[in-house]
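The values are calculated or read from the model by the stated rules, or taken from the named source; none is laboratory data. As the structure is a computational prediction, the values presented were derived from the model and not from experiment. Positions of Cβ are backbone-derived with ideal geometry, glycine not excepted, and every protein chain shown enters the neighbour counts. Keep in mind that these areas ignore ligands, DNA and RNA; they rest on the heavy atoms of the full protein, side chains included. Shrake-Rupley method; radii C 1.70, N 1.55, O 1.52, S 1.80 Å.
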Amino acid sequence: MKINDVILRTVTKIVIFIILTLSVYLFFAGHYSPGGGFIGGLVLASAVVLMYLTSDIETVHKGMPFDFKLVAALGVLIATGTGFASVIFGKDFMTQAAMKLNLPIFGETELASVVLFEAGVALTVVGVVVTIILSISEDE
Amino acid sequence: MTINLAIVIPFIMAAIIPFIYRRFPKIHIGWIVLLVPITLFVMLLRLVPSVAKGDTYSHTYNWIPSLDINFTTYLDGLSMIFGLLITGVGSLVILYSIFYLSAKESLQHFYCYLLLFMGAMLGVVFSDNLMVLYAFWELTSVSSFLLIAFWHHRKASRAGAQKAMLITVTGGVSMLVGFIMLHMMTGSYSVHEIIHNVSQYTDHQLFIPAMVLILFGAFTKSAQFPFHIWLPDAMEAPTPVSAYLHSATMVKAGIYLVARLTPVFGGDAVWFWLVTAVGLITLFWGSFNAVKQTDLKALLAFSTVSQLGLIMSLFGMGSVAFKLGYSDSTIIYTQATFAALFHLVNHSTFKGALFMMVGIVDHELGTRDVRRLGGLMSLMPLTFTVAVIGSLSMAGMPPFNGFLSKEMFFAAAVHMRDLDIFSLSSVGVLFPVVAWIASIFTFVYCMIIIFQAFFGKPYEHSDGRSIHEAPIGMLISPLILCVFVVGIFVFPNVLGQYILKPAMTSIYPGFAPADVLAPKIYAWHGINTELLMTIGVVIVGLLLYRKLKTWKPVYRLFPYRFSFNELFKSLLEGLESGSNKMTAGYMTGSLRSYVLYIYVFFIIAVGGFFFMSGGFAYSSANDAPVEIYELMLIIVMLLAGVSMLFVKSRLTAILLNGVIGFGVSIFFVIFRAPDLALTQLVVESVTTVLFLLCFYFLPEWKREDSSKSVKISNAVVAGAVGALVVVMSFAVMYYDEFDSISAYFENAYELAGGANIVNTILGDFRGFDTMLEVVVLFIAGLGVYTLIKLKVRKGDTDVED
């Protein structure tokens with residue numbers, strides 16, 4: 001039986017960008033409004049999963065040649081590593097810092113070290129979710 | 001500070017070695033490693049004069065001050081002896097290993113583990129904080145495990161490593177409990193503070209338990225009877241490791257601990273009896289069993305056990321001085337401790353040399369079975385010299401250092417007769433008798449080493465290869481040790497004044513002037529009981545050696561199945577099968593059972609707690625009115641939930657489950673929790689995909705055919721869980737046993753700089769939780785991956801035995 005999923009494929013091609021944009025937005029919005037590393041990562045992961053659903057694994061892998069296990073490991077490394085960064089500056093473990101910057105287009109922007117930590121969380125979530133789904137689906 | 005550094009340097013090198021290993025393919029990596037112990041040895045040697053004057057060095061690096069755990073190092077006479085042994089013997093062993101191990105072995109692992117051990121062992125002897133000491137102590141067990149199993153393709157290596165690990169770590173954990181008890185009594189983890197204050201606590205109810213537990217740790221580590229069984233099995237390690245860890249350093253960690261804590265516990269009858277009696281029994285049992293060994297390395301292992309017992313018993317005898325207090329007449333008892341320290345150093349020299357000698361024989365001939373060896377004297381003259389010097393020193397013969405310390409040991413044992421404390425008057429006579437008999441057996445096995453391996457019919461290779469002396473590189477280290485064996489005999493007081501004297505003042509702090517504690521050592525002190533005992537040992541020993549064949553059947557009197565090895569084995573097997581049965585009892589492999597366990601536990605623990613604390617309070621007075629669309633949503637979710645019970649296919653069930661999940665997220669929207677709603681939505685989508693993937697692998701969904709009673713009990717549990725959750729969610733609003741923590745987060749904007757309170761909690765206030773959750777998530781992901789990808793497929797061979 002041949003599966004007819006033209007609609008799904010066509011919609012995905014457009015929707016995937018919306019989802020990816022949303023995930024980036026959510027990631028950065030987290031400091032002041034709903035969002036954050038965990039949700040951002042999860043949305044990103046669901047976008048990847050959607051791609052896997054519509055196209056086959058090889059095609060997606062050509063577009064995104066990452067080993068998602070490494071992505072997850074990198075995330076854990078960043079998340080724990082930012083904790084140690086404050087130790088180097090003589091502060092307690094996981095002390096976060098923030099500063100205000102005036103950027104040309106964005107106006108007054110806050111730069112916070114917690115973003116790095118959240119990035120670690122996001123990468124871990126993406127990596128783990130995709131790893132789990134891929135390894136289950138590839139099992140014979 | 002330098003001492004903290006001395007502990008850290010080997011660890012740093014251990015981390016670097018695997019990386020630079022490939023960089024220098026031309027050089028044997030051991031030459032680079034060799035720099036570490038030599039540097040440290042020279043560094044320590046430079047401190048010897050000032051330590052001999054009575055100086056001590058201490059440095060604290062605060063680690064976890066709130067728990068009183070700090071990386072405090074303390075260098076005094078006692079730790080100096082061990083530090084010199086670790087680095088000195090370490091240098092010689094590494095030099096020896098360069099020629100012993102061929103470049104084909106995985107040398108980067110070997111030297112990495114060896115450096116790991118060296119750092120850990122230095123940490124044990126230099127740490128003042130008991131918790132840090134414990135951490136290093138266990139690290140020595142771990143590195144010993146790795147080194148014993150270095151040739152891990154051999155089954156015996158793995159078994160020996162496991163046995164050593166199990167026994168020493170069991171002891172280590174009990175020691176940890178003992179340390180914690182000490183902390184509960186004295187409020188300090190610092191050995192020196194404890195020694196300072198301990199006199200107030202000797203009547204404390206934890207004093208004896210703490211002592212016994214710590215001794216258990218020390219005995220297992222130092223292979224004391226009946227925990228000695230791991231040491232002979234540990235001989236599966238490469239010979240340099242046996243020479244280093246299992247004769248010169250690691251097995252002396254227990255002795256170090258006993259010496260270090262003598263000022264704490266010494267003077268107590270239990271301490272005296274345990275240390276002395278266990279030491280003497282070990283001394284006898286080790287030497288008695290060494291005689292029957294045919295493998296030279298096993299023989300040396302038992303002889304190490306026996307010598308460790310000797311040193312241990314001497315420390316026990318020396319502790320009597322604390323009971324009697326200091327006076328001119330008690331000096332003879334402090335001399336037992338002096339003899340212990342002296343023999344400790346001597347043992348490291350001659351036993352190290354002997355192990356290296358056996359390594360050479362094994363390396364050149366491919367066997368170390370005394371029944372096959374013979375006539376090596378003329379073929380390997382240098383190796384023979386090492387064997388003779390080492391063995392005679394071990395047997396306590398002049399002109400070697402073993403003679404001096406053995407005489408002092410006899411003297412101490414003889415003096416024990418005269419004591420009338422600790423109910424010694426009745427059994428005191430046993431001390432010299434046991435000491436004497438054990439020495440006879442020691443003499444006999446030393447003769448076995450010399451005569452059976454080096455005299456008699458020459459050994460011949462089965463393929464007719466000629467036997468020749470080992471390369472000079474392998475001989476340097478044992479020959480240096482032999483120089484020490486003779487040198488210490490000729491100039492014993494150099495060692496006594498510079499190394500042993502400061503150690504005596506650290507064992508007997510404020511006891512007496514150091515010069516009184518450390519006597520001058522003389523090789524000849526007239527014809528006295530000790531000398532007569534030595535002559536007796538030689539005569540009886542020679543007789544027994546001549547008649548070895550006639551009395552050897554004595555060993556067959558003990559049936560093997562009553563031996564400690566068998567006891568250990570059956571204990572281990574029993575433990576394995578027992579826990580296997582227990583686990584098989586509840587791990588049915590059916591997810592339904594596991595869910596049942598979780599729910600039953602939930603009902604008992606959570607429901608029980610609410611019930612006991614009377615937390616079920618509810619009034620609808622403060623509730624907001626229920627809107628019509630909320631009611632509709634609830635009805636939809638209810639319908640989905642109930643109809644899930646009656647659907648025929650899994651796909652429908654998943655979709656219905658999705659309905660509930662999305663319903664919940666709409667509720668989150670209504671109740672103004674956008675973060676939760678977003679998360680719930682995405683999680684719902686991803687899990688639905690996951691479900692669909694998993695269900696592909698599941699068998700056809702059939703009607704369940706379990707019995708009625710099972711069905712009813714499942715229904716009861718399910719109903720109870722549902723009811724409990726409902727009741728709880730009403731009750732939590734009125735539960736006031738705990739203070740609300742929300743006040744803490746209210747000024748999140750000032751504290752964390754974020755307006756989204758949920759994220760400030762996740763990323764900042766409870767950042768530590770999030771970090772660990774991320775790690776857990778990662779581990780879970782890896783778990784799924786390995787379970788699926790690395791399972792044994794049909795037709796694959798099982799990689800484990």
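Give me the residue from the stretch B:759-779 that is more than 7 Å from every other protein chain (Cβ to nearest Cβ), part of a helix (DSSP H, G or I) and not hydroxyl-bearing (Ser, Thr, Tyr) and, out of that set, farthest from A:THR131 (Cα to Cα). Break it down into steps so the answer makes sense when it comes.
In the first step, residues of the stretch B:759-779 are kept if they are more than 7 Å from every other protein chain (Cβ to nearest Cβ); the result is B:760-761, B:765-766, B:769, B:772-773, B:776, B:779.
From what is left, the residues that are part of a helix (DSSP H, G or I) are B:760-761, B:765, B:769, B:772-773, B:776, B:779.
Pick out the ones that are also not hydroxyl-bearing (Ser, Thr, Tyr) and you get B:761, B:765, B:769, B:772-773, B:776, B:779.
Working: B:ILE761: 28, B:PHE765: 30, B:ASP769: 23, B:LEU772: 19, B:GLU773: 17, B:VAL776: 15, B:ILE779: 12 Å.
Per the criteria, the residue is B:PHE765.
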Where B:ALA14 falls short, out of the listed (1) open to solvent by 80 Å² or more (accessible area, probe 1.4 Å); (2) closer than 16 Å to B:LEU116 by Cβ: (1)
Name every residue in the stretch B:99-112 that is outside any loop (DSSP other than H, G, I, E, B) and surrounded by fewer than 22 Cβ atoms within 10 Å (Cβ to Cβ), in order of residue number. B:PHE99, B:LEU107, B:GLN108, B:HIS109
Looking only at the stretch A:129-140, filter to residues that are facing chain B (nearest Cβ under 7 Å) and farther than 13 Å from A:ASP67 by Cβ; which one of those is surrounded by the fewest Cβ atoms within 10 Å (Cβ to Cβ)? A:ASP139
Please verify whether the stretch B:224-235 includes one or more residues that are modelled with pLDDT of 90 or more, surrounded by fewer than 23 Cβ atoms within 10 Å (Cβ to Cβ) and farther than 21 Å from B:LYS351 by Cα. no
What pairs come up if the first residue lies in the stretch B:50-64 and is within 25 Å of B:MET131 (Cβ to Cβ), the second is of a type in the set (Ser, Thr, Tyr) and at pLDDT 85 or above, and their beta carbons are under 7 Å apart, counting only those six or more places apart or on different chains? B:THR56/B:TYR74; B:SER58/B:THR72; B:SER58/B:THR73; B:SER58/B:TYR74; B:HIS59/B:THR73; B:THR60/B:THR72
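Any residue at all in the stretch B:480-502 that's within 30 Å of B:LEU45 (Cα to Cα), in a loop (DSSP other than H, G, I, E, B) and at pLDDT 85 or above? Explain how you work it out, then say what you get.
Keep residues of the stretch B:480-502 that are within 30 Å of B:LEU45 (Cα to Cα), which gives B:480-502.
With the extra rule that they be in a loop (DSSP other than H, G, I, E, B), the set shrinks to B:491.
Add one more test, that the residue is at pLDDT 85 or above, and what stays is B:491.
Yes, the stretch B:480-502 has at least one match.
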Looking at this structure, is B:PHE610 at pLDDT below 85 and closer than 19 Å to B:VAL726 by Cβ? yes
Which residue, of B:SER405, B:SER391, B:SER313, is in contact with a His (Cβ under 9 Å, 6 or more places away or on another chain) and within 29 Å of B:PRO226 (Cα to Cα)? B:SER405
Quick check on the stretch B:669-684: of everything there that is closer than 14 Å to A:LEU22 by Cβ and open to solvent by 50 Å² or more (accessible area, probe 1.4 Å), which residue is farthest from the other protein chains (Cβ to nearest Cβ)? B:LEU681
Taking B:ALA731, is it over 48 Å from the mean Cα position of the chain (by Cα) and within 14 Å of chain A (Cβ to nearest Cβ)? no
Pair list, Cβ < 7 Å and 6+ apart or interchain, from the stretch B:771-782 residues that are under 11 Å from A:GLY120 (Cβ atoms) to residues that are of a type in the set (Ser, Thr, Tyr) and crowded, with 21+ Cβ neighbours inside 10 Å: B:VAL774/A:THR124; B:PHE778/A:THR124
Scan the helices (runs of 4 or more DSSP H) fully inside the stretch B:513-622 and keep the ones with 3 or more residues being over 30 Å from B:PHE730 (Cα atoms) and open to solvent by less than 80 Å² (accessible area, probe 1.4 Å). B:514-517, B:529-546, B:564-586
Residue under question is B:MET357, and the condition is that it be in contact with a Phe, Trp or Tyr (Cβ under 7 Å, 6 or more places away or on another chain), under 30 Å from B:PRO492 (Cα atoms) and touching a residue at least 12 places away in the same chain (Cβ under 8 Å); does it hold? no
Counting only residues in the stretch A:5-59 that are among the polar types (S, T, N, Q) and within 8 Å of chain B (Cβ to nearest Cβ), the one farthest from A:VAL115 (Cα to Cα) is identified as A:SER46
Output yes when any residue across the stretch B:550-569 is farther than 28 Å from B:ALA223 by Cβ, of a type outside the set (S, T, N, Q) and either modelled with pLDDT of 85 or more or over 34 Å from the mean Cα position of the chain (by Cα) (or both), and no when none is. no
Out of the residues in the stretch B:389-426 that are open to solvent by 50 Å² or more (accessible area, probe 1.4 Å) and part of a helix (DSSP H, G or I), which is nearest to B:LEU532 (Cα to Cα)? B:HIS415
Across (1) among the charged types (D, E, K, R); (2) surrounded by 24 or more Cβ atoms within 10 Å (Cβ to Cβ); (3) free of Cβ contacts under 8 Å to residues at least 24 places away in the same chain, B:ASP328 clears everything bar (2)
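State whether one or more residues within the stretch B:740-758 are among the charged types (D, E, K, R), more than 21 Å from A:ALA112 (Cβ to Cβ) and without any contact (Cβ under 8 Å) to a residue 12 or more places away in the chain.
Of the residues in the stretch B:740-758, the ones among the charged types (D, E, K, R) are B:746, B:750.
Among the residues that remain, those that are also more than 21 Å from A:ALA112 (Cβ to Cβ) are: none.
Scanning the stretch B:740-758 turns up no residue that is among the charged types (D, E, K, R), more than 21 Å from A:ALA112 (Cβ to Cβ) and without any contact (Cβ under 8 Å) to a residue 12 or more places away in the chain.
Matching residues to (1) open to solvent by 40 Å² or more (accessible area, probe 1.4 Å); (2) farther than 30 Å from B:GLY767 by Cα:
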| site | (1), (2) |
| --- | --- |
| A:THR10 | yes, yes |
| A:VAL24 | yes, no |
| A:MET51 | yes, yes |
| A:ASP56 | yes, yes |
| A:LEU70 | yes, no |
| A:LEU74 | yes, no |
| A:GLY83 | no, no |
Quick one: how many residues across the stretch B:64-97 are open to solvent by 10 Å² or more (accessible area, probe 1.4 Å) and among the small types (Gly, Ala, Ser)? 3
